[in-house]
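The values are calculated or read from the model by the stated rules, or taken from the named source; none is laboratory data. These numbers come from a predicted model, not from an experiment. Backbone-built Cβ (ideal geometry, glycine too); neighbour counts: all protein chains shown. The accessibility values were calculated without ligands, DNA or RNA, using every heavy atom of the protein model including side chains. Shrake-Rupley method; radii C 1.70, N 1.55, O 1.52, S 1.80 Å.
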Amino acid sequence: MSALFQPLDIGRLHLPNRIVIAPMCQYSAQDGSASDWHLIHLGHLALSGAGLLIIEATAVQAEGRITPGCLGLYSDANEAALARVLEGVRAYSPMPIAIQLAHAGRKASSRAPWEGGAQIPLGEAGSWRALAPSALPHIEGEDAPDALDHAGLARVREAFAAAARRAARLGLDGVEIHAAHGYLMHQFLSPIANRRSDEYGGSLANRMRFPLEVFEAVRAAFPSERPVWARVSATDWIEGSGWDVDDCIVLARELAARGCAAIHVSSGGVSQRQKIPVGPGYQVPLARRFKDAVDVPVIAVGLITEAQQAEAILQRGDADAVALARAMLYDPRWPWHAAAQLGAQVTAPVQYWRSQPREFKDLFAGLRFGAR
Ligand SMILES: Cc1cc2nc3c(=O)[nH]c(=O)nc-3n(C[C@H](O)[C@H](O)[C@H](O)COP(=O)(O)O)c2cc1C
C-alpha cells in the first residue's frame, strides 16, 4: 500500500493523499488582482489529483508584494478577482485549496524573474519603498527599506488578519503563513536582517515575537475549524551565523502551542552569502528534524521529483507529506503518473476518464463510462 496515497489530516482538513502543490508566484496579477492566467494555471493544477493546492505567496499589503505583478489580498478588488478564479476552479475540481499569505519586507519592489529579478530603484516606474525590521537592504548598494515602527507593525499584523478574513470569505480551506525565503517574517527571525534594539530584536524570544503575533492574529481571524500553518526556512545556510534549525525548532514548538496545524520546511533566502547544498531531496533531512520535534504534520519540499523518492521519504517517516513545485509545472499530471507507478488511485476529471491507460485499470477513482 503506497504511503504517498494515504490520506492525511492537517488539523480538520482532510487531504486525499500526501502530495502538496507548493506555492508558486506567477507575477501575473494586476494591482494584486488575479487574472485569467490564474484561472488557467490554478485550474490545470487542480486537475492533477494532488492532495492539496497552495496558492502562491499572496501579499497582505500592496507594499508587501515582491513584484508589481504579485498576487494580493488587500483590497475588495483583489478578493473579487480571486473569487472569480476560485469559482471556475471549484466547478471542476474537488481539490482542497489553501493560500499562502505573505509580506516581502525588504525583498519587495523587485522585477519579475523574467525581467532579471533585481530591485526596482526608487523613483523608477513600479518602485516603492520597502518595509523591514531594520533599515538594511537585502543586497549592499540597494535602496534601504524603512524600519517598521510600532504603528507600522500594527498595520502589518492587521493586514495579515484582514487578508485571513478575506481568505475565509473566499471559502479557502487553509492558510499558510510565509515565514521562509528571506521575506518579512523570516527577516524578523534572522539576526542577519533583524538588528532591532526593541522587544522585536536581539534575543531569540524577541526575534520570534512579531512572527508569533502575526500567527496569532491570523489564527484568530480564520475560522477555527480550518487550519493555519507556517512555511519556515529552517536555516539561513550561513556557517556560524544566522538563523538555524535549532532556533527554528523552538519557533515550530511555539507555533504548534498556538494552534499551528503543520510545519512546511524549506530553507534559505535571507542572504546572498548562503551556501545551499542543492541536490535531490536536499531539505528532507531538515524536515526530519521537525518530525522528531513537533506533533503536527511536517511537509518536506525541495527537489522531490520522483514517485519512488517521495514514497521513500514518507515510508522512512522523514515527513508526513511532500510538496512539489517545479516538477508540478513540468508535469502537471505528476500525481497521476505517481499513482500509476505506485499502484494507487487518483481523482481525475470525468472528462478525462477515457485517457486511463489500458495497463492501469484501477487508476482513476470511480471511473465508469458507456456509449451507444
Ligand atoms: C515559479 C516558482 C515560484 C515560487 N513561488 C513561491 C512562493 O510563492 N512561495 C514560496 O514559499 N515558495 C515559492 N517557490 C519555492 C517553491 O515553493 C519550492 O519551495 C521550491 O521551488 C523547491 O521545490 P521544488 O524543487 O519542488 O521546485 C517558488 C518556486 C518556483 C519554481
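Structure data summary
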read-out	value
Pair list, Cβ < 6 Å and 6+ apart or interchain, from region 7-30 residues that are free of Cβ contacts under 8 Å to residues at least 12 places away in the same chain to residues that are open to solvent by 50 Å² or more (accessible area, probe 1.4 Å) and near the ligand (Cβ under 10 Å from one of its atoms)	none
Every pair of residues 6+ apart whose Cβ atoms lie under 6 Å, when the first sits in region 98-111 and is away from the ligand (no atom under 14 Å from the Cβ) while the second is of a type outside the set (A, V, I, L, M, F, W, C)	106/138; 106/145; 109/127; 111/117
Residues (farther than 27 Å from residue 265 by Cα and either touching a Leu at 6+ places or on another chain (Cβ under 7 Å) or open to solvent by less than 60 Å² (accessible area, probe 1.4 Å) (or both)) located in region 313-344	340
Every residue from region 225-241 that is touching a residue at least 12 places away in the same chain (Cβ under 8 Å) and open to solvent by 10 Å² or more (accessible area, probe 1.4 Å)	225, 226, 231, 235, 237, 238, 239, 241
Members of region 267-297 that are buried (at least 24 other Cβ atoms within 10 Å of the Cβ), of a type outside the set (Phe, Trp, Tyr) and under 25 Å from residue 14 (Cβ atoms)	287
Residue match in region 351-364 (condition: at pLDDT 95 or above, open to solvent by 100 Å² or more (accessible area, probe 1.4 Å), part of a helix (DSSP H, G or I) and under 18 Å from residue 18 (Cβ atoms))	no
Residues located in region 36-47, provided they are within 15 Å of the ligand (Cβ to nearest atom) and within 18 Å of the chain's Cα centre (by Cα)	38, 41, 42, 45
Evaluation of residue 167 against (1) in contact with a Phe, Trp or Tyr (Cβ under 8 Å, 6 or more places away or on another chain); (2) of a type outside the set (Asp, Glu); (3) open to solvent by 20 Å² or more (accessible area, probe 1.4 Å); (4) touching a residue at least 60 places away in the same chain (Cβ under 8 Å) (one fails), failing number	(3)
Selection count, region 70-97, where residues are in contact with a Ser or Thr (Cβ under 7 Å, 6 or more places away or on another chain), under 19 Å from residue 156 (Cβ atoms) and not polar (S, T, N, Q)	3
Tally, over region 129-151, of residues that are outside any loop (DSSP other than H, G, I, E, B), in contact with a helix residue (DSSP H, G or I) (Cβ under 9 Å, 6 or more places away or on another chain) and hydrophobic (A, V, I, L, M, F, W, C)	2
Test for residue 77: is it in contact with a Gly (Cβ under 7 Å, 6 or more places away or on another chain) and not hydroxyl-bearing (Ser, Thr, Tyr)	no
Residue within region 69-78 that is buried (at least 20 other Cβ atoms within 10 Å of the Cβ), within 13 Å of the ligand (Cβ to nearest atom) and part of a helix (DSSP H, G or I) present	no
Candidates 40, 97, 21, 55 - the one that is of a type in the set (Val, Ile, Thr), open to solvent by 50 Å² or more (accessible area, probe 1.4 Å) and under 24 Å from residue 351 (Cβ atoms)	40
Those residues of region 152-187 which are more than 20 Å from residue 260 (Cβ to Cβ), part of a loop (DSSP other than H, G, I, E, B) and more than 16 Å from the ligand (Cβ to nearest atom), in sequence order	170, 171
Count of residues meeting criterion [assigned to a helix (DSSP H, G or I) and open to solvent by 20 Å² or more (accessible area, probe 1.4 Å)] in region 58-68	2
Scope region 1-35; condition within 14 Å of the ligand (Cβ to nearest atom) and outside any loop (DSSP other than H, G, I, E, B); matching residues	19, 20, 21
